[in-house]
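Only one structure is covered here, and it is reproduced in the block below.
The values are calculated or read from the model by the stated rules, or taken from the named source; none is laboratory data. Because the structure is a prediction, the values reported are computed rather than measured. With ideal geometry, Cβ positions are generated from the backbone for all residues, glycine too; neighbour counts draw on all protein chains shown. Side chains included, ligands, DNA and RNA excluded: accessible areas come from the protein's heavy atoms. Shrake-Rupley method; radii C 1.70, N 1.55, O 1.52, S 1.80 Å.
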Amino acid sequence: MTETRRFTSRPCLALQSAVLFVALLSISPRCALSQPSAPINAANTADDTLYDVIVVGAGMAGVTAARRLRDLGVTNVLVLEARDRVGGRTYSVNTTTAGSIDLGAMWIHEADDGNPLYDLTAEDGPYRRSRLLNYISGAVYEGDGARLPTRDWIRTYAAMGTFRRGINEYQEAHAEDPADFPDLSIYDMYDFTMADLPETERPTANLQLHANYQVLLNGNVTDLSVLRYGDAKTLPAQDVFLYNGFDSLVGLQTPGLDIRLNSPVVEIDYSNPETVLVKSMGTEYRARYVVTTETLGCLKAKGINYVPPLPQEKQDAIDRMGFGVFDKSILVYDEAHWDAEDFIMETMPALSGRWKVYLNYDAVMDKPALVALNVADTARELEGQTDAQLMAELLAALRVIYPTLPDPVEFIQTRWYEDPFSRGAYSYYAVGNEKEITEVIGESVGRLYFAGEAASDKPGTVLGAYLSGLDRAEKIAGLRFSQSGSVSPSASSSNRAWSSSAVLVVVALLSISLRSALSQ
């Protein structure tokens, strides 16, 4: 992502691609965890090693895959990361007065026991989580700066029930008769069901549509699928923040991993049936397997050259699935100068959402910061402006509501769409997408595996990225090599494969002893 005045012109997030992996199962997980952990810069390193697995990208999916491989006894694993840091689209910065703030992923969705990411957190300690975000806590204003009466908000919300029921009923009708009920956009449903809404209520209805759909899914309502609504994220949302930033959970996975920073991958050649060739910064690496965690945005932009080209069915799925933009304009203060609700919002005569939704960090985590959320086409448009222009425009919009609002002590702007290692924020189901589209994106091709949120059954979430990393690692660890280099299924786990190898060694030793005894 391009620069913010806070952190240079390097794109602010993205997951890069590919992990090579093979099952060398002679070292125990405990021994693997004892290895040194410092990532190194490998920009000019020549590497003749044949790796078991190369993982492309050190975001959540990549480090999780590499960590799981190590834990399963596969130790010859290399992670290549394009950026000068780990984390990918999970990236937080320490601000002047508000502590750590996430520039990318910020919510643990499905925040309840049983969610493996949520289970890593606690109400205190190094991975301290916030209370649940309250989505009905909002201070709503009209365009002239007057506070919208609560009864007006409730009246419009009740009227919007027709729209919400329309989505549910259409999904049910499609399940019974797909031919007569093809997919629609969220906007199509809104336009049809809310045609009789009084014009005086339209700005409030637009805000409710924007906040509950465009902001949640980081896409234009004209692109979001009615049939797939609710398939990516559990609704109603149940979300928490992390005080130390979401990337702290990525950092948990990195000890013992061989991570080469500043190593963008430009080509992955998987044409050889026995090894995969990965090219990065003029250096060629070989591995028995590769796991690529390239973002869907980068896959769409063909950021990495795949040799041969990816299968047509996979490329079609990549092209069809939605990938949105979610940018933050962060105002950091020494103390709060605004309302105490979780969200501050302004009604919308149009659906762009420009400077209409603000997240109040002071209410949720006692951090004096106000974060403007812009998404989809609006976010892309704003990325073309300088930080100075954006801050001036943002403050002008806020001062309609808070006329005495002072200048912030710090301003931070994200630009995820311009980030060459991300090309956006996260995926969503677009009109016409079947639910199984993520399975096609995540399907392996020979020795090349795909992981990441868009390649999971929980697209658009860090949980999806995490689970996909685990899954690909375990699939690779479930394979073993014969002497010829061919791959065959092992026992159900790498530990069982290790045990089988040990048994073979014992049998061989017994055979030698027996032959020796008979010859005497």
Members of segment 57-99 that are in contact with a Ser or Thr (Cβ under 7 Å, 6 or more places away or on another chain), open to solvent by 10 Å² or more (accessible area, probe 1.4 Å) and either over 26 Å from residue 332 (Cα atoms) or assigned to a loop (DSSP other than H, G, I, E, B) (or both): 72, 86, 89
Of the criteria (1) open to solvent by 40 Å² or more (accessible area, probe 1.4 Å); (2) within 30 Å of residue 423 (Cβ to Cβ); (3) not in a loop (DSSP other than H, G, I, E, B), which one residue 117 fails: (1)
Residue within segment 507-516 that is at pLDDT 50 or above, open to solvent by less than 80 Å² (accessible area, probe 1.4 Å), not basic (Lys, Arg) and not in a strand (DSSP E or B) present: no
Filter result for residue 359 (buried (at least 16 other Cβ atoms within 10 Å of the Cβ) and more than 29 Å from residue 217 (Cβ to Cβ)): no
Any hit, segment 325-341, residues being over 23 Å from residue 465 (Cβ atoms) and of a type in the set (Lys, Arg): no
Filter result (over 21 Å from residue 159 (Cβ atoms) and among the charged types (D, E, K, R)) within segment 169-203: 172, 176, 177, 180, 183
Residue list for segment 145-191, filter: part of a helix (DSSP H, G or I), within 30 Å of residue 403 (Cβ to Cβ) and not hydrophobic (A, V, I, L, M, F, W, C): 150, 151, 152, 155, 156, 157
Test: residue in segment 437-459 that is at pLDDT 95 or above, among the hydrophobic types (A, V, I, L, M, F, W, C), out of contact with any Lys or Arg (no Cβ under 8 Å at 6 or more places or on another chain) and farther than 24 Å from residue 272 by Cβ: yes
Subset of segment 356-366 that is touching a Ser or Thr at 6+ places or on another chain (Cβ under 9 Å) and outside any strand (DSSP E or B) - its residue that is farthest from residue 132 (Cα to Cα): 356
Residue in segment 226-242 that is among the small types (Gly, Ala, Ser) and at pLDDT 95 or above present: no
Any hit, segment 332-353, residues being in contact (Cβ under 8 Å) with a residue 12 or more places away in the chain, assigned to a helix (DSSP H, G or I) and open to solvent by less than 50 Å² (accessible area, probe 1.4 Å): no
Candidates 209, 197 - the one that is modelled with pLDDT of 95 or more, crowded, with 20+ Cβ neighbours inside 10 Å and on the phi < 0 side of the Ramachandran plot: 209
Residue that is most open to solvent (accessible area, probe 1.4 Å) [pool: residues in segment 228-238 that are over 21 Å from residue 59 (Cβ atoms) and in contact (Cβ under 8 Å) with a residue 60 or more places away in the chain]: 236
First in segment 427-445 and under 17 Å from residue 297 (Cβ atoms) and of a type in the set (Phe, Trp, Tyr), second anywhere and open to solvent by 10 Å² or more (accessible area, probe 1.4 Å) and not in a loop (DSSP other than H, G, I, E, B), Cβ under 7 Å, 6 or more apart: 428/217
Strands (runs of 3 or more DSSP E) lying entirely in segment 367-474 (those with 2 or more residues that are within 28 Å of residue 209 (Cβ to Cβ), touching a helix residue (DSSP H, G or I) at 6+ places or on another chain (Cβ under 7 Å) and open to solvent by less than 40 Å² (accessible area, probe 1.4 Å)): 369-375
Residue match in segment 160-177 (condition: within 21 Å of residue 356 (Cα to Cα), of a type in the set (Lys, Arg) and open to solvent by 40 Å² or more (accessible area, probe 1.4 Å)): no
Top-ranked residue of segment 475-501 - restricted to ones that are assigned to a loop (DSSP other than H, G, I, E, B) and either crowded, with 16+ Cβ neighbours inside 10 Å or among the acidic types (Asp, Glu) (or both), ranked as modelled with the highest pLDDT: 478
Scan of segment 37-56 for residues that are outside any loop (DSSP other than H, G, I, E, B) and at pLDDT 85 or above, ordered by number: 50, 51, 52, 53, 54, 55, 56
Qualifying residues in segment 248-282 (those that are among the hydroxyl-bearing types (Ser, Thr, Tyr) and out of contact with any Gly (no Cβ under 9 Å at 6 or more places or on another chain)) - the one farthest from residue 108 (Cα to Cα): 280
